[in-house]
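I have placed the structure first, in the form of structure tokens, so that the comments after it can refer back to it.
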Amino acid sequence: MNTVIETILNHRSVRSFEDRRLTKEQIEQIVSSAQAASTSSFIQAYSIIGVDDPDKKKKLSELAGNQSYVEENGHFFVFCADLYRHELIGRMENKDVEETLESTEKFMVALIDASLAAQNAAIAAESMGLGICYIGGIRNHLEEVCNLLKTPKRVIPLFGIAVGYPSKIVDQKPRLPLQHVYHENEYQQNEEEYINQLNEYNKTISEYYEARTAGQRSDTWTNQMGNMLERKTRMYMKEFVEGVNFNKR
């Protein structure tokens, strides 16, 4: 096993960081690594906003659900789907690009491009001995986040990544078994086998929580997911996305 794979397989979310800022060189290396990710048709439909202003980080922390590690980290990166520059390209080249930019396909391209870039950034940071935590909570109040970060139309802040020097590292959560995730040649739809795999995974997760909490928590993955999915959250998203000129066609 090489060091790249070791870094990837050793990932866990870090939510407690030392009071120590990243250097300019570290930030540039992380962003350059993000830019090296694959991008559909070379469209590069994303932007990254680095936030180190204490007041902005504090506000983002509040908007994300009062998550302290959004405020207290070495650097906070916000990854955005971005087709604003492509609107400018249309003007520069005198091309009618509006219908394409508002298509579901280009919305998906922007989401995928930003996600690929972010995962490159995460692996780069972890390879440097840093810890990371993805923050989807910035989508709780996207209008306020957009105002805070002054993003134009055709730009959507998708998620943040808190990066820094870990002050506490927790055990890695067990992932779904490979055979439940990886299908060969076609999607396997044996429902009984599928449910059996989920039940086995539930046992693994329950044992993990019991060991991590000294018996104070015993939960299963399907119960956790069922409760989460039953709650209606961020149901404003369709209107918001269309309001900033994405996914309208």
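What is the extension gain from residue 66 to residue 88, computed as 0.36 nm multiplied by their sequence separation minus the C-alpha to C-alpha distance, in nm to one decimal? It would help to have the intermediate numbers written out before the result.
Details: separation 22, 0.36 × 22 = 7.92 nm, distance 3.61 nm.
This chain segment gains 4.3 nm when fully extended.
Output wanted: per-residue J couplings in Hz (rounded whole) for the stretch 21-36, from phi through Karplus 6.51 cos²θ - 1.76 cosθ + 1.60, θ = phi - 60°, x for Gly and Pro.
Result, ordered by residue: 7, 6, 7, 4, 5, 4, 4, 5, 5, 5, 5, 4, 5, 4, 5, 7 Hz.
Counting pairs on different chains as well as pairs 8 or more places apart, how many Lys pairs in the stretch 39-172 have Cα atoms under 19 Å apart? Don't skip to the answer; put the middle values down first.
Numbers: 56/150; 57/150; 58/150; 59/150; 95/106; 95/153; 106/153.
Going through the stretch 39-172 pair by pair, I get 7.
Would you list 85, 217 from fewest to most Cβ contacts within 10 Å?
Numbers: 85 15, 217 12.
Going from least to most buried by this count: 217, 85.
From Cα pairs below 8 angstrom and at least 6 apart in sequence, can you work out the relative contact order of the chain, rounded to a whole percent?
Worked out over the chain, it gives 26 percent.
Give the distance, in whole Å, between the Cα centre of the stretch 15-44 and the Cα centre of the stretch 49-83.
15 Å
Scan the chain and hand back the longest stretch that contains none of the GluC sites (Glu not before Pro) lying in DSSP loops with at most 13 other Cβ atoms within 10 Å. All intermediate terms of the calculation are to be shown ahead of the outcome.
On the way: sites that count: 93, 184, 186.
Between the exposed loop sites, the longest stretch runs 1-92.
Which value in deg cm²/dmol, rounded to the nearest 500, describes the helix-derived mean residue ellipticity at 222 nm for the chain, given -39,500 (n - 2.57) per DSSP H run of n ≥ 4 and division by the residue count? Before the final figure, lay out the partial values.
Values: 12 runs with 121 residues, N = 249.
Roughly -14500 deg cm²/dmol at 222 nm, from the helical runs in the chain.
If one takes the longest principal axis of the Cα atoms in the chain, at what angle in degrees, from 0 to 90 and to the nearest 10, does the Cα axis of helix 191-212 lie?
With rounding to tens, the tilt is 80 degrees.
Under 11 Å from a point placed 7 Å out from the Cα of residue 225 along the Cα-to-Cβ direction: which residues of the stretch 192-210 have their backbone N that close?
From the stretch 192-210, the list is 195, 197-199, 201-202.
Filter the chymotrypsin sites (Phe, Trp or Tyr not before Pro) in the stretch 147-249 to those in DSSP coil with at most 12 other Cβ atoms within 10 Å of their Cβ, and list the result. Walk me through the intermediate numbers first.
Values: sites: 159, 182, 187, 194, 201, 208, 209, 221, 236, 240, 246; in loops: 182, 187, 236, 246.
Here the chymotrypsin sites (Phe, Trp or Tyr not before Pro) that fit, given the DSSP loop and packing criteria, are 182, 187.
Is any residue of the stretch 13-54 close enough, with backbone N under 11 Å, to a label point placed 7 angstrom from the Cα of residue 108 along the Cα-Cβ axis, and if so, which?
Those under the cut-off are none; the list is empty.
Mind sorting out which of [x] 25, 23, 19; [y] 30, 21, 18; [z] 32, 25, 19 is the real semi-axes √(5λ) of the Cα gyration tensor in Å computed from the coordinates?
[z]
So how far apart, in nm, are the two label points at residue 11 and residue 202 if each is 7 Å from Cα heading toward Cβ?
Distance between label points: 2.7 nm.
Just so you know, all these numbers are worked out from the coordinates, no wet-lab data involved. Note that the structure is a prediction, hence the values are computed from the model and not measured. A quick note on method: Cβ atoms are made from the backbone with ideal geometry, for glycine too, and the neighbour counts reach across all protein chains shown.
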